[in-house]
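All remarks here apply to the structure that follows.
Read-outs: derived from the displayed coordinates by stated rules, not from any lab. Predicted model, so just to flag it, every value in this text is computed and none were measured.
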Amino acid sequence: MWRGIARARINDPAAAISDLDEAIRLNPRSYVAYCNRSAVWQQKGDYTKAVADASEAIRQNPQDAEAYYNRGSSRGRLGEYAGSVADLTEAIRLRPSDPEYYCNRGISLAREGEYEQAILDFTEAIRLRPRYAKAYFWRSAVREKTGDRTGASSDSNEVVHLDPQAYGSRARGALSFGSLVGTNSQPDGAVNRSQPVRSETNRVSTTAGSGG
């Protein structure tokens with residue numbers, strides 16, 4: 001299984017899936033292997049399989065916050081926003097200190113039209129990780145959608161300052177912020193994780209957004 005995680009870290013998801021398949025064959029009760037394979041399916045863009053593996057990890061260990069995160073993020077990418085919010089809420093209950101849980105829940109809340117709650121989630125994500133460009137990006141999008149142009153502009157400037165390569169062109173107006181809300185588009189194309197492996201659990205992480 002650890003080789004599969006290492007291969008995911010170097011962005012070789014096909015080989016990682018093969019190794020994790022073997023790990024699960026040898027130990028079908030390894031919820032960590034299912035959770036890791038769920039994250040790799042997200043890297044490959046197969047969100048239906050990601051949901052299935054995360055669900056199995058949750059069945060085996062209902063206290064696995066990362067499995068709820070993976071399932072919630074994948075459900076968001078499939079347009080299942082209510083399910084995404086429910087899963088990410090449970091992930092937050094189990095691990096309330098993870099800013100990415102709040103950010104991805106915020107994206108799904110925004111797509112459900114719950115703009116004020118979404119802004120609260122992005123704000124909490126920023127409190128937990130003050131240089132979190134993705135959270136600033138999405139908060140700006142939602143603030144623009146709600147007519148708060150001053151707040152949107154402030155967040156947009158922060159995005160350009162923090163991560164001009166990943167988000168800067170969008171923050172400068174190449175993509176209408178308001179157009180992100182209510183669509184299934186993603187600013188960065190995957191299921192956002194800042195690190196490729198969660199060291200405390202040896203779990204794979206991908207790089208992008210929930211619900212979004």
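Need one word for the range 68-143: rounded, prolate or oblate. Basis is the Cα gyration tensor (sqrt eigenvalues a ≥ b ≥ c); a/c below 1.5 gives rounded, then a/b vs b/c decides. Here the range 68-143 falls in the oblate category. With only Cα atoms counted, the range 1-96 has Rg and Dmax values of 12.6, 35 Å. Measuring nothing but how far apart in sequence close Cα pairs (under 8 Å, 6+ apart) lie, relative to its length, the range 1-96 scores a relative contact order of 20 percent.
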